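> Sharing a structure here in C-alpha coordinates format.
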Amino acid sequence: MALSRKKATTQLTGRIVFPGNPSYNAARMEYNRRFSKFPRVIVFCRRTQDVINAIKWARERGIPLRARSGRHSYEAFSAINGGIIIDASEMNKVTVDRKKMVAHIQTGNPLERVYRKLWNKRVALPAGTAPDVGVAGLTLGGGIGLLSRKYGLTCDNLEQVEMVVASGRCGAKAIIANKNQHSDLLWASRGGGGGNFGIATSYKFRVQPISTVSIYSITWKWSDLDKVFPTWQHFAPSVTNRLTSTIEVSSKKVGKIESTGQLLGSAEELRQLIRPLLQVGTPVKVMVRTVSFIEATKFFAASDLNLEPKFKITGAYGYQPLPRDGVRIIRDFLAKAPNQHATVWCQSLGGAGSTVSRIAPTGTAYPHRNAETIYELSARWRNDNEQPRNVQWVKRFRRALRPFVIGDYVNFPDLQIKNWPKAYYGANFARLKQVKRKYDPHNVFHFAQSIPVGNKLKKK
Ligand SMILES: Cc1cc2nc3c(=O)[nH]c(=O)nc-3n(C[C@H](O)[C@H](O)[C@H](O)COP(=O)(O)OP(=O)(O)OC[C@H]3O[C@@H](n4cnc5c(N)ncnc54)[C@H](O)[C@@H]3O)c2cc1C
(Lines give C-alpha, C1' and ligand atoms only; values in the text may rest on other atoms or scores of the structure.)
Protein backbone atom coordinates (compact mmCIF):
# COMPACT_ATOMS: atom_id res chain seq x y z
CA MET A 1 0.00 0.00 0.00
CA ALA A 2 1.47 3.41 -0.96
CA LEU A 3 1.31 5.80 1.97
CA SER A 4 1.58 9.54 1.53
CA ARG A 5 4.39 10.52 3.84
CA LYS A 6 4.09 12.94 6.77
CA LYS A 7 6.37 15.99 6.80
CA ALA A 8 9.80 14.98 8.10
CA THR A 9 9.96 16.80 11.42
CA THR A 10 11.35 14.26 13.88
CA GLN A 11 15.03 14.59 14.77
CA LEU A 12 17.33 11.75 15.73
CA THR A 13 18.40 11.61 19.37
CA GLY A 14 21.00 9.47 21.16
CA ARG A 15 24.57 8.95 19.91
CA ILE A 16 24.40 9.43 16.17
CA VAL A 17 27.12 8.14 13.85
CA PHE A 18 27.16 9.17 10.19
CA PRO A 19 29.63 8.07 7.48
CA GLY A 20 32.73 10.22 7.85
CA ASN A 21 32.60 10.07 11.63
CA PRO A 22 35.85 8.46 12.92
CA SER A 23 33.84 5.80 14.73
CA TYR A 24 31.67 4.94 11.69
CA ASN A 25 33.67 1.91 10.61
CA ALA A 26 33.66 0.28 14.02
CA ALA A 27 30.00 1.23 14.49
CA ARG A 28 28.82 -0.46 11.28
CA MET A 29 30.63 -3.81 11.55
CA GLU A 30 28.88 -7.06 12.40
CA TYR A 31 30.43 -9.93 14.35
CA ASN A 32 30.40 -12.05 11.18
CA ARG A 33 32.99 -10.33 8.97
CA ARG A 34 31.60 -12.15 5.92
CA PHE A 35 29.39 -9.07 5.72
CA SER A 36 30.41 -5.45 5.32
CA LYS A 37 27.39 -3.16 5.03
CA PHE A 38 27.28 0.61 4.86
CA PRO A 39 24.30 2.17 6.65
CA ARG A 40 23.27 5.78 6.06
CA VAL A 41 23.35 6.36 9.82
CA ILE A 42 23.65 4.41 13.06
CA VAL A 43 21.85 5.60 16.18
CA PHE A 44 23.03 4.32 19.53
CA CYS A 45 19.90 4.77 21.63
CA ARG A 46 20.16 5.55 25.33
CA ARG A 47 16.49 5.83 26.19
CA THR A 48 13.29 4.36 24.83
CA GLN A 49 12.46 7.82 23.46
CA ASP A 50 15.58 7.65 21.24
CA VAL A 51 14.21 4.43 19.72
CA ILE A 52 10.80 6.04 19.15
CA ASN A 53 12.44 9.05 17.49
CA ALA A 54 14.63 6.88 15.27
CA ILE A 55 11.69 4.82 14.00
CA LYS A 56 9.65 7.97 13.36
CA TRP A 57 12.63 9.62 11.63
CA ALA A 58 13.00 6.62 9.34
CA ARG A 59 9.28 6.32 8.57
CA GLU A 60 8.84 10.02 7.82
CA ARG A 61 11.65 9.80 5.27
CA GLY A 62 10.89 6.34 3.88
CA ILE A 63 14.29 5.05 4.98
CA PRO A 64 14.61 1.31 5.74
CA LEU A 65 15.67 0.38 9.24
CA ARG A 66 17.21 -2.47 11.19
CA ALA A 67 17.17 -3.27 14.91
CA ARG A 68 20.55 -4.16 16.35
CA SER A 69 21.88 -5.11 19.79
CA GLY A 70 24.68 -7.69 20.08
CA ARG A 71 25.44 -7.78 16.27
CA HIS A 72 25.71 -11.59 16.30
CA SER A 73 23.16 -12.39 13.57
CA TYR A 74 24.73 -15.16 11.45
CA GLU A 75 23.34 -13.61 8.26
CA ALA A 76 23.81 -9.95 9.35
CA PHE A 77 20.08 -9.28 9.62
CA SER A 78 20.93 -6.41 11.97
CA ALA A 79 22.94 -4.58 9.30
CA ILE A 80 21.79 -2.69 6.21
CA ASN A 81 23.15 -0.78 3.23
CA GLY A 82 21.80 2.76 2.95
CA GLY A 83 19.34 2.51 5.84
CA ILE A 84 19.35 3.35 9.53
CA ILE A 85 20.59 0.95 12.20
CA ILE A 86 18.76 1.47 15.47
CA ASP A 87 21.15 0.10 18.05
CA ALA A 88 20.12 -0.73 21.62
CA SER A 89 23.59 -1.63 22.95
CA GLU A 90 23.95 1.48 25.09
CA MET A 91 20.75 0.69 26.98
CA ASN A 92 22.23 -1.77 29.42
CA LYS A 93 20.69 -1.42 32.86
CA VAL A 94 20.15 -4.58 34.92
CA THR A 95 18.18 -4.66 38.17
CA VAL A 96 17.40 -7.72 40.24
CA ASP A 97 14.55 -8.16 42.70
CA ARG A 98 15.80 -11.09 44.78
CA LYS A 99 12.53 -11.29 46.76
CA LYS A 100 10.35 -11.68 43.70
CA MET A 101 13.09 -13.55 41.80
CA VAL A 102 12.78 -11.36 38.74
CA ALA A 103 15.30 -9.26 36.81
CA HIS A 104 14.68 -6.26 34.60
CA ILE A 105 17.28 -6.35 31.84
CA GLN A 106 17.57 -3.71 29.14
CA THR A 107 18.11 -5.21 25.72
CA GLY A 108 21.55 -3.68 25.10
CA ASN A 109 23.22 -6.11 27.48
CA PRO A 110 25.63 -8.76 26.22
CA LEU A 111 25.37 -12.12 27.97
CA GLU A 112 28.61 -11.73 29.91
CA ARG A 113 27.22 -8.61 31.61
CA VAL A 114 23.87 -10.28 32.28
CA TYR A 115 25.54 -13.28 33.94
CA ARG A 116 27.85 -11.03 36.00
CA LYS A 117 25.12 -8.65 37.22
CA LEU A 118 22.83 -11.53 38.15
CA TRP A 119 25.68 -13.44 39.80
CA ASN A 120 26.20 -10.47 42.16
CA LYS A 121 22.78 -11.41 43.57
CA ARG A 122 23.44 -15.15 43.21
CA VAL A 123 20.75 -15.66 40.61
CA ALA A 124 20.92 -16.84 37.00
CA LEU A 125 18.98 -16.71 33.76
CA PRO A 126 19.34 -19.70 31.43
CA ALA A 127 21.06 -18.23 28.36
CA GLY A 128 23.78 -18.87 25.79
CA THR A 129 27.52 -19.35 26.06
CA ALA A 130 29.20 -16.62 23.98
CA PRO A 131 29.94 -13.59 26.19
CA ASP A 132 29.19 -10.90 23.63
CA VAL A 133 25.97 -12.31 22.15
CA GLY A 134 23.15 -9.84 22.84
CA VAL A 135 20.39 -10.83 25.24
CA ALA A 136 18.08 -9.00 22.80
CA GLY A 137 18.32 -11.30 19.77
CA LEU A 138 19.06 -14.41 21.84
CA THR A 139 15.79 -14.10 23.77
CA LEU A 140 13.53 -13.25 20.84
CA GLY A 141 14.71 -16.36 18.97
CA GLY A 142 14.71 -18.75 21.96
CA GLY A 143 18.02 -18.83 23.83
CA ILE A 144 19.74 -22.15 24.41
CA GLY A 145 22.58 -22.86 26.82
CA LEU A 146 23.95 -24.97 29.62
CA LEU A 147 20.95 -24.48 31.93
CA SER A 148 18.34 -25.20 29.25
CA ARG A 149 17.28 -28.68 30.26
CA LYS A 150 16.64 -27.66 33.86
CA TYR A 151 15.30 -24.12 33.48
CA GLY A 152 14.17 -23.92 29.85
CA LEU A 153 15.11 -21.55 27.06
CA THR A 154 15.81 -17.89 27.79
CA CYS A 155 12.47 -16.99 26.22
CA ASP A 156 10.65 -19.43 28.52
CA ASN A 157 11.67 -17.19 31.42
CA LEU A 158 10.55 -13.97 29.73
CA GLU A 159 7.57 -12.50 31.59
CA GLN A 160 7.38 -9.10 30.00
CA VAL A 161 8.85 -7.11 27.17
CA GLU A 162 8.81 -3.39 26.46
CA MET A 163 8.81 -2.93 22.70
CA VAL A 164 8.68 0.11 20.45
CA VAL A 165 6.31 -0.68 17.61
CA ALA A 166 5.28 1.31 14.57
CA SER A 167 1.99 3.17 14.97
CA GLY A 168 -0.24 5.04 12.56
CA ARG A 169 1.08 6.43 9.30
CA CYS A 170 4.56 7.47 10.44
CA GLY A 171 4.59 7.05 14.20
CA ALA A 172 6.08 4.78 16.82
CA LYS A 173 5.15 4.02 20.42
CA ALA A 174 6.37 1.93 23.32
CA ILE A 175 4.07 -0.82 24.56
CA ILE A 176 4.33 -3.41 27.29
CA ALA A 177 3.55 -7.03 26.46
CA ASN A 178 2.92 -9.49 29.28
CA LYS A 179 0.31 -12.10 30.13
CA ASN A 180 -2.36 -9.45 30.78
CA GLN A 181 -1.83 -7.06 27.88
CA HIS A 182 -0.59 -7.68 24.34
CA SER A 183 -0.15 -11.32 25.34
CA ASP A 184 -0.02 -12.25 21.65
CA LEU A 185 3.11 -10.11 21.26
CA LEU A 186 4.67 -11.76 24.31
CA TRP A 187 3.89 -15.16 22.75
CA ALA A 188 5.57 -14.04 19.50
CA SER A 189 8.58 -12.60 21.37
CA ARG A 190 9.26 -16.02 22.84
CA GLY A 191 10.88 -17.60 19.80
CA GLY A 192 9.43 -15.61 16.89
CA GLY A 193 12.86 -14.14 16.12
CA GLY A 194 14.42 -10.67 16.34
CA GLY A 195 13.60 -7.72 14.12
CA ASN A 196 10.05 -8.79 13.18
CA PHE A 197 7.58 -6.77 15.23
CA GLY A 198 9.37 -3.80 16.74
CA ILE A 199 12.43 -2.92 18.79
CA ALA A 200 12.58 -4.47 22.26
CA THR A 201 14.05 -2.12 24.84
CA SER A 202 13.62 -3.99 28.12
CA TYR A 203 12.85 -7.48 29.34
CA LYS A 204 11.54 -8.79 32.65
CA PHE A 205 12.74 -12.32 33.37
CA ARG A 206 12.11 -14.91 36.03
CA VAL A 207 15.50 -15.84 37.51
CA GLN A 208 16.77 -18.85 39.47
CA PRO A 209 18.95 -19.11 42.58
CA ILE A 210 22.46 -20.32 41.75
CA SER A 211 25.74 -20.97 43.58
CA THR A 212 28.09 -23.72 42.42
CA VAL A 213 27.78 -26.12 39.52
CA SER A 214 29.94 -28.98 38.27
CA ILE A 215 31.39 -29.01 34.80
CA TYR A 216 33.15 -31.59 32.68
CA SER A 217 35.19 -31.84 29.53
CA ILE A 218 36.24 -35.06 27.82
CA THR A 219 38.33 -35.16 24.67
CA TRP A 220 38.91 -38.05 22.32
CA LYS A 221 40.85 -38.60 19.15
CA TRP A 222 38.91 -38.12 15.92
CA SER A 223 39.21 -41.82 15.15
CA ASP A 224 36.74 -42.52 18.02
CA LEU A 225 33.96 -40.63 16.20
CA ASP A 226 31.88 -43.67 15.18
CA LYS A 227 31.72 -44.85 18.80
CA VAL A 228 31.61 -41.57 20.71
CA PHE A 229 28.99 -39.65 18.72
CA PRO A 230 26.23 -42.31 18.95
CA THR A 231 26.99 -42.85 22.65
CA TRP A 232 26.65 -39.14 23.39
CA GLN A 233 23.45 -38.93 21.36
CA HIS A 234 21.80 -41.63 23.46
CA PHE A 235 23.27 -40.39 26.74
CA ALA A 236 22.59 -36.63 26.53
CA PRO A 237 18.76 -36.58 26.35
CA SER A 238 18.27 -39.51 28.75
CA VAL A 239 20.35 -38.24 31.67
CA THR A 240 18.86 -36.07 34.48
CA ASN A 241 17.58 -32.66 33.36
CA ARG A 242 20.10 -31.06 35.76
CA LEU A 243 22.79 -31.93 33.21
CA THR A 244 22.98 -30.19 29.84
CA SER A 245 25.83 -31.25 27.59
CA THR A 246 27.45 -30.64 24.23
CA ILE A 247 29.65 -32.46 21.78
CA GLU A 248 31.85 -30.85 19.16
CA VAL A 249 33.60 -32.72 16.39
CA SER A 250 36.37 -30.84 14.66
CA SER A 251 37.64 -31.30 11.13
CA LYS A 252 39.74 -34.43 10.66
CA LYS A 253 42.78 -32.19 10.27
CA VAL A 254 42.38 -30.80 13.80
CA GLY A 255 41.46 -34.33 14.86
CA LYS A 256 39.55 -33.71 18.07
CA ILE A 257 36.19 -34.59 19.63
CA GLU A 258 35.18 -32.81 22.82
CA SER A 259 32.13 -33.19 25.00
CA THR A 260 31.41 -30.64 27.74
CA GLY A 261 28.55 -30.17 30.14
CA GLN A 262 27.23 -28.56 33.27
CA LEU A 263 25.43 -30.25 36.18
CA LEU A 264 23.45 -28.63 38.93
CA GLY A 265 25.01 -31.04 41.41
CA SER A 266 28.34 -32.27 42.77
CA ALA A 267 31.47 -33.35 40.90
CA GLU A 268 31.06 -36.82 42.37
CA GLU A 269 27.57 -37.16 40.95
CA LEU A 270 28.77 -35.79 37.61
CA ARG A 271 31.55 -38.37 37.42
CA GLN A 272 28.95 -41.10 37.94
CA LEU A 273 26.57 -39.64 35.38
CA ILE A 274 29.15 -39.33 32.61
CA ARG A 275 30.38 -42.91 32.98
CA PRO A 276 28.93 -43.97 29.62
CA LEU A 277 31.09 -41.27 28.01
CA LEU A 278 34.19 -42.13 30.02
CA GLN A 279 33.84 -45.76 28.97
CA VAL A 280 33.55 -45.19 25.23
CA GLY A 281 36.59 -44.99 22.97
CA THR A 282 39.83 -43.81 24.54
CA PRO A 283 39.43 -40.46 26.30
CA VAL A 284 42.70 -38.55 26.05
CA LYS A 285 41.82 -35.79 28.51
CA VAL A 286 39.19 -35.66 31.25
CA MET A 287 38.28 -32.75 33.51
CA VAL A 288 35.51 -32.81 36.13
CA ARG A 289 35.24 -30.13 38.79
CA THR A 290 32.93 -28.02 40.90
CA VAL A 291 33.16 -24.28 40.29
CA SER A 292 31.14 -21.17 41.01
CA PHE A 293 28.46 -20.62 38.38
CA ILE A 294 30.20 -17.47 37.14
CA GLU A 295 33.44 -19.42 36.59
CA ALA A 296 31.46 -21.99 34.64
CA THR A 297 30.12 -19.27 32.30
CA LYS A 298 33.74 -18.24 31.63
CA PHE A 299 34.76 -21.83 30.95
CA PHE A 300 32.03 -22.24 28.32
CA ALA A 301 32.68 -18.76 26.89
CA ALA A 302 36.33 -19.53 26.24
CA SER A 303 35.60 -21.85 23.33
CA ASP A 304 33.84 -19.04 21.46
CA LEU A 305 36.85 -16.72 21.49
CA ASN A 306 39.64 -16.36 18.93
CA LEU A 307 37.73 -17.94 16.09
CA GLU A 308 38.19 -17.11 12.43
CA PRO A 309 36.30 -13.88 11.66
CA LYS A 310 34.14 -14.96 8.69
CA PHE A 311 31.74 -17.84 8.84
CA LYS A 312 28.81 -19.72 7.40
CA ILE A 313 26.69 -21.68 9.82
CA THR A 314 23.52 -23.63 9.52
CA GLY A 315 21.49 -25.38 12.21
CA ALA A 316 19.08 -28.30 12.54
CA TYR A 317 17.31 -30.33 15.20
CA GLY A 318 17.71 -33.98 16.09
CA TYR A 319 14.35 -35.44 17.08
CA GLN A 320 16.08 -38.80 17.44
CA PRO A 321 19.68 -40.03 17.42
CA LEU A 322 21.39 -40.17 14.04
CA PRO A 323 21.49 -43.63 12.50
CA ARG A 324 24.84 -45.02 11.43
CA ASP A 325 24.44 -43.49 7.95
CA GLY A 326 24.03 -40.05 9.51
CA VAL A 327 27.21 -40.42 11.57
CA ARG A 328 29.00 -41.55 8.40
CA ILE A 329 27.92 -38.32 6.68
CA ILE A 330 29.42 -36.29 9.53
CA ARG A 331 32.65 -38.26 9.28
CA ASP A 332 32.86 -37.89 5.49
CA PHE A 333 32.19 -34.15 5.49
CA LEU A 334 34.60 -33.38 8.32
CA ALA A 335 37.25 -35.54 6.65
CA LYS A 336 36.99 -33.39 3.52
CA ALA A 337 36.29 -30.03 5.15
CA PRO A 338 37.35 -26.99 3.09
CA ASN A 339 39.63 -25.90 5.89
CA GLN A 340 40.51 -26.96 9.42
CA HIS A 341 38.08 -24.52 11.10
CA ALA A 342 35.02 -26.59 10.27
CA THR A 343 33.02 -28.30 12.97
CA VAL A 344 29.82 -30.06 13.93
CA TRP A 345 28.49 -29.01 17.30
CA CYS A 346 25.54 -30.50 19.11
CA GLN A 347 23.78 -29.67 22.39
CA SER A 348 21.18 -31.62 24.35
CA LEU A 349 17.85 -29.84 24.72
CA GLY A 350 15.00 -32.26 25.38
CA GLY A 351 14.33 -35.67 26.90
CA ALA A 352 14.19 -36.88 30.55
CA GLY A 353 11.98 -34.20 32.10
CA SER A 354 13.64 -31.35 30.24
CA THR A 355 11.85 -28.05 30.79
CA VAL A 356 12.34 -27.22 27.09
CA SER A 357 10.13 -30.13 26.07
CA ARG A 358 7.57 -29.71 28.84
CA ILE A 359 6.14 -26.68 27.01
CA ALA A 360 3.83 -27.44 24.07
CA PRO A 361 5.18 -26.60 20.56
CA THR A 362 2.43 -23.97 20.25
CA GLY A 363 2.84 -22.67 23.84
CA THR A 364 5.37 -20.08 22.64
CA ALA A 365 6.49 -19.15 19.12
CA TYR A 366 9.51 -21.49 19.51
CA PRO A 367 8.19 -24.75 18.01
CA HIS A 368 10.96 -27.35 18.33
CA ARG A 369 9.96 -28.52 21.79
CA ASN A 370 10.27 -32.21 21.02
CA ALA A 371 13.80 -32.11 19.66
CA GLU A 372 16.35 -34.02 21.70
CA THR A 373 19.36 -32.14 20.37
CA ILE A 374 20.32 -29.15 18.26
CA TYR A 375 23.09 -29.18 15.64
CA GLU A 376 25.30 -26.49 14.24
CA LEU A 377 27.35 -27.13 11.11
CA SER A 378 29.95 -24.44 10.67
CA ALA A 379 32.82 -23.36 8.46
CA ARG A 380 35.08 -20.43 9.31
CA TRP A 381 37.76 -18.69 7.29
CA ARG A 382 39.84 -15.53 7.01
CA ASN A 383 40.28 -14.58 3.34
CA ASP A 384 37.48 -13.73 0.91
CA ASN A 385 38.73 -16.15 -1.74
CA GLU A 386 37.98 -19.03 0.66
CA GLN A 387 34.31 -18.06 0.92
CA PRO A 388 32.70 -19.89 -2.03
CA ARG A 389 34.03 -23.33 -1.15
CA ASN A 390 33.19 -22.94 2.54
CA VAL A 391 29.64 -21.75 1.87
CA GLN A 392 29.12 -24.56 -0.64
CA TRP A 393 30.43 -27.13 1.83
CA VAL A 394 27.90 -26.04 4.49
CA LYS A 395 25.13 -26.17 1.89
CA ARG A 396 26.03 -29.67 0.74
CA PHE A 397 26.49 -30.88 4.30
CA ARG A 398 23.03 -29.62 5.28
CA ARG A 399 21.50 -31.31 2.25
CA ALA A 400 23.22 -34.61 3.01
CA LEU A 401 21.99 -34.68 6.63
CA ARG A 402 18.45 -33.63 5.73
CA PRO A 403 16.92 -37.13 5.84
CA PHE A 404 17.94 -37.42 9.51
CA VAL A 405 17.31 -33.96 11.00
CA ILE A 406 14.48 -31.44 11.12
CA GLY A 407 14.15 -27.68 10.62
CA ASP A 408 16.48 -25.01 11.94
CA TYR A 409 16.71 -22.66 14.92
CA VAL A 410 15.72 -19.10 13.99
CA ASN A 411 18.79 -17.85 15.88
CA PHE A 412 20.97 -19.94 13.54
CA PRO A 413 19.43 -18.42 10.38
CA ASP A 414 20.54 -19.62 6.99
CA LEU A 415 19.65 -17.74 3.79
CA GLN A 416 20.07 -20.94 1.82
CA ILE A 417 16.99 -22.53 3.40
CA LYS A 418 14.14 -21.98 0.96
CA ASN A 419 11.25 -23.04 3.19
CA TRP A 420 12.54 -21.15 6.22
CA PRO A 421 9.07 -20.41 7.68
CA LYS A 422 8.53 -24.16 8.15
CA ALA A 423 12.12 -24.76 9.29
CA TYR A 424 12.10 -22.01 11.94
CA TYR A 425 8.46 -21.86 12.99
CA GLY A 426 6.64 -25.03 11.92
CA ALA A 427 2.93 -24.76 12.69
CA ASN A 428 3.42 -21.43 14.52
CA PHE A 429 4.04 -19.47 11.31
CA ALA A 430 0.34 -18.78 10.69
CA ARG A 431 -0.12 -17.25 14.14
CA LEU A 432 3.10 -15.26 13.79
CA LYS A 433 1.70 -13.71 10.61
CA GLN A 434 -1.45 -12.68 12.51
CA VAL A 435 0.67 -11.00 15.19
CA LYS A 436 2.70 -9.31 12.46
CA ARG A 437 -0.44 -7.94 10.80
CA LYS A 438 -1.65 -6.57 14.13
CA TYR A 439 1.57 -4.88 15.32
CA ASP A 440 3.36 -4.04 12.08
CA PRO A 441 0.71 -3.85 9.34
CA HIS A 442 2.91 -1.59 7.16
CA ASN A 443 5.86 -4.02 7.37
CA VAL A 444 8.23 -1.40 8.77
CA PHE A 445 10.34 -4.17 10.29
CA HIS A 446 11.47 -6.32 7.41
CA PHE A 447 14.55 -8.14 6.20
CA ALA A 448 15.36 -11.13 3.99
CA GLN A 449 13.68 -13.70 6.28
CA SER A 450 11.23 -11.55 8.23
CA ILE A 451 7.69 -12.66 8.96
CA PRO A 452 5.56 -11.26 6.16
CA VAL A 453 2.34 -9.28 6.54
CA GLY A 454 0.66 -11.14 3.68
CA ASN A 455 1.29 -14.50 2.13
CA LYS A 456 4.24 -13.55 -0.06
CA LEU A 457 7.76 -14.16 1.19
CA LYS A 458 10.35 -11.49 0.56
CA LYS A 459 12.68 -12.10 -2.39
CA LYS A 460 16.35 -12.20 -1.33
C1 LIG B 1 29.66 -16.74 18.53
C2 LIG B 1 28.19 -16.99 18.68
C3 LIG B 1 27.74 -17.78 19.74
C4 LIG B 1 26.37 -18.02 19.90
N5 LIG B 1 25.96 -18.80 20.95
C6 LIG B 1 24.63 -19.01 21.14
C7 LIG B 1 24.17 -19.78 22.25
O8 LIG B 1 24.94 -20.25 23.08
N9 LIG B 1 22.83 -19.97 22.37
C10 LIG B 1 21.93 -19.45 21.49
O11 LIG B 1 20.73 -19.66 21.66
N12 LIG B 1 22.34 -18.71 20.43
C13 LIG B 1 23.66 -18.49 20.24
N14 LIG B 1 24.07 -17.74 19.17
C15 LIG B 1 23.08 -17.23 18.23
C16 LIG B 1 22.46 -15.96 18.76
O17 LIG B 1 21.40 -16.29 19.66
C18 LIG B 1 21.87 -15.12 17.62
O19 LIG B 1 22.91 -14.76 16.75
C20 LIG B 1 21.14 -13.89 18.13
O21 LIG B 1 20.23 -13.46 17.17
C22 LIG B 1 22.10 -12.77 18.47
O23 LIG B 1 21.44 -11.66 19.00
P24 LIG B 1 22.23 -10.26 19.01
O25 LIG B 1 21.40 -9.28 19.74
O26 LIG B 1 23.63 -10.50 19.46
O27 LIG B 1 22.37 -9.96 17.46
P28 LIG B 1 21.88 -8.84 16.45
O29 LIG B 1 22.65 -9.16 15.20
O30 LIG B 1 22.02 -7.47 17.00
O31 LIG B 1 20.35 -9.17 16.26
C32 LIG B 1 19.89 -10.42 15.83
C33 LIG B 1 18.46 -10.27 15.27
O34 LIG B 1 17.62 -9.68 16.26
C35 LIG B 1 17.18 -8.38 15.85
N36 LIG B 1 17.30 -7.50 17.00
C37 LIG B 1 18.44 -7.07 17.59
N38 LIG B 1 18.14 -6.29 18.62
C39 LIG B 1 16.81 -6.21 18.70
C40 LIG B 1 15.92 -5.54 19.57
N41 LIG B 1 16.37 -4.80 20.57
N42 LIG B 1 14.59 -5.68 19.36
C43 LIG B 1 14.12 -6.43 18.34
N44 LIG B 1 14.92 -7.08 17.47
C45 LIG B 1 16.25 -6.97 17.67
C46 LIG B 1 18.07 -7.98 14.69
O47 LIG B 1 17.42 -7.10 13.80
C48 LIG B 1 18.39 -9.33 14.07
O49 LIG B 1 17.34 -9.76 13.23
C50 LIG B 1 25.44 -17.48 18.99
C51 LIG B 1 25.90 -16.67 17.94
C52 LIG B 1 27.24 -16.44 17.78
C53 LIG B 1 27.70 -15.59 16.62
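The values are calculated or read from the model by the stated rules, or taken from the named source; none is laboratory data. From a predicted model like this one, the values you see are computed outputs, not experimental measurements. With ideal geometry, Cβ positions are generated from the backbone for all residues, glycine too; neighbour counts draw on all protein chains shown. Keep in mind that these areas ignore ligands, DNA and RNA; they rest on the heavy atoms of the full protein, side chains included. Shrake-Rupley method; radii C 1.70, N 1.55, O 1.52, S 1.80 Å.
> Report the one residue of Pro403, Ser259, Phe300 whose Cα lies farthest in the direction of the positive end of the charge dipole of region 212-404 (charges on C-beta: Lys and Arg +1, Asp and Glu -1; origin at the Cα centre).
Of the candidates, Pro403 comes out farthest on the positive side.
> Between region 122-162 and region 174-236, what's the alpha-carbon centroid distance in Å?
That distance is 5 Å.
> With a 1.4 Å probe and all protein chains left in place, how much of the accessible area of the chain comes from carbon and sulfur atoms, in whole percent?
In the chain, the share of accessible area belonging to carbon and sulfur is 49 percent.
> Which value at 222 nm does the chain reach when only helices count, each DSSP H run of 4 or more adding -39,500 (n - 2.57), with the total divided by all residues and rounded to the nearest 500 deg cm²/dmol?
Here the helix-only value at 222 nm equals -8000 deg cm²/dmol.
> If you don't mind, another one. Going Cα to Cα from Lys456, which lysines come in below 28 Å? Please leave out same-chain ones fewer than 8 positions away.
Here the lysines satisfying the reach criterion relative to Lys456 are Lys6, Lys37, Lys56, Lys173, Lys312, Lys395, Lys418, Lys422, Lys433, Lys436, Lys438.
> Count neighbours as other Cβ atoms within 10 Å of each site's Cβ, and list the trypsin sites (Lys or Arg not before Pro) in region 134-176 that are DSSP loop with at most 14 such neighbours.
On the way: sites: Arg149, Lys150, Arg169, Lys173; in loops: Arg169.
Here the sparse-neighbourhood loop sites are Arg169.
> Continuing with the same structure: In degrees between 0 and 90, to the nearest 10, how far off the longest principal axis of the chain does helix 48-61 point, with axes built from Cα atoms?
So the helix axis and the longest Cα principal axis differ by about 60 degrees.
> Here's a follow-up. With an 8 Å cut-off on Cα pairs and a minimum separation of 6 or more residues, tell me the relative contact order of the chain in percent. Walk me through the intermediate numbers first.
Working: 1081 pairs, mean separation 69.8, N = 460.
After rounding, I find 15 percent.
> Then there is this: Quick one: what are the phi-derived ³J(HN,Hα) couplings along region 64-76, Karplus 6.51/-1.76/1.60 with θ = phi - 60°, whole Hz, x for glycine and proline?
Each residue's phi maps through the Karplus curve to give x, 10, 9, 8, 9, 9, x, 6, 9, 4, 4, 10, 6 Hz.
> For Cα pairs less than 8 Å apart in space and 6+ apart in sequence, what is the mean separation divided by the residue count of region 21-179, i.e. the relative contact order in percent?
Details: 300 pairs, mean separation 30.0, N = 159.
It rounds to 19 percent for region 21-179.
> Sticking with this structure for a sec: Which angle from 0 to 90°, rounded to the nearest 10, does the C-alpha axis of helix 225-238 make with the longest principal axis of the chain?
Helix 225-238 sits at roughly 70 degrees to that axis.
> Output the relative contact order of region 15-87, whole-number percent, from Cα pairs under 8 angstrom with separation of 6+ residues.
This gives 38 percent for region 15-87.
> Taking the chain as the reference, fit the longest principal axis to its C-alpha atoms, fit the long axis of helix 429-439 to the helix C-alpha atoms, and give the angle between the two in degrees, 0 to 90, nearest 10.
In the chain, helix 429-439 runs at an angle near 30 degrees to the longest axis.
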